[in-house]
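> If you scroll down you'll find the structure; I have some questions about it.
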Amino acid sequence: MKKVFLSLALVASLLVISCKETTQDKVEVATEAVGTEVETAAEKTADAIDSTATETGEAVKEVAADVKEGAKEAAAVAAEKVEKGAKAVKEEVKK
């Protein structure tokens, strides 16, 4: 009976050792696959960040141009009102 259990234990340990090598190979392949996926995801993330930064930069430039144009228009309106006010003061002084 002891010989049967020892024989079964020996066979089981041989199977475990054999499985370990196969398992190690599978783990190595899986690790490489995960590494590749992580690298691909990192590259896609970097591309998305670059794209977003470019789009944001362009949007900021557009807004800055709009603000500059609005400032020019506001300055023209203010200058016109100042000129009208100056003319009114000149006329009052002439009276």
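> Output the number of residues of segment 77-95 satisfying the condition of being open to solvent by 60 Å² or more (accessible area, probe 1.4 Å) and in a helix (DSSP H, G or I). Explain how you work it out, then say what you get.
Here is the first cut: in segment 77-95, the ones open to solvent by 60 Å² or more (accessible area, probe 1.4 Å) are 77, 80-84, 87, 89-95.
Then drop every residue that is not in a helix (DSSP H, G or I), which leaves 77, 80-84, 87, 89-94.
Residues in segment 77-95 being open to solvent by 60 Å² or more (accessible area, probe 1.4 Å) and in a helix (DSSP H, G or I): 13 in total.
> Please name all residue pairs, on different chains or six or more residues apart, with Cβ atoms under 7 Å, provided the first residue is in segment 64-76 and is open to solvent by less than 90 Å² (accessible area, probe 1.4 Å) and the second residue is in a helix (DSSP H, G or I).
none
The values are calculated or read from the model by the stated rules, or taken from the named source; none is laboratory data. Note that this is a predicted model, so its numbers are computed, not measured. Cβ: placed from backbone, ideal geometry, glycine included. Neighbour counts: every protein chain shown. SASA here: full protein model, heavy atoms, side chains in, ligands and nucleic acids out. Shrake-Rupley method; radii C 1.70, N 1.55, O 1.52, S 1.80 Å.
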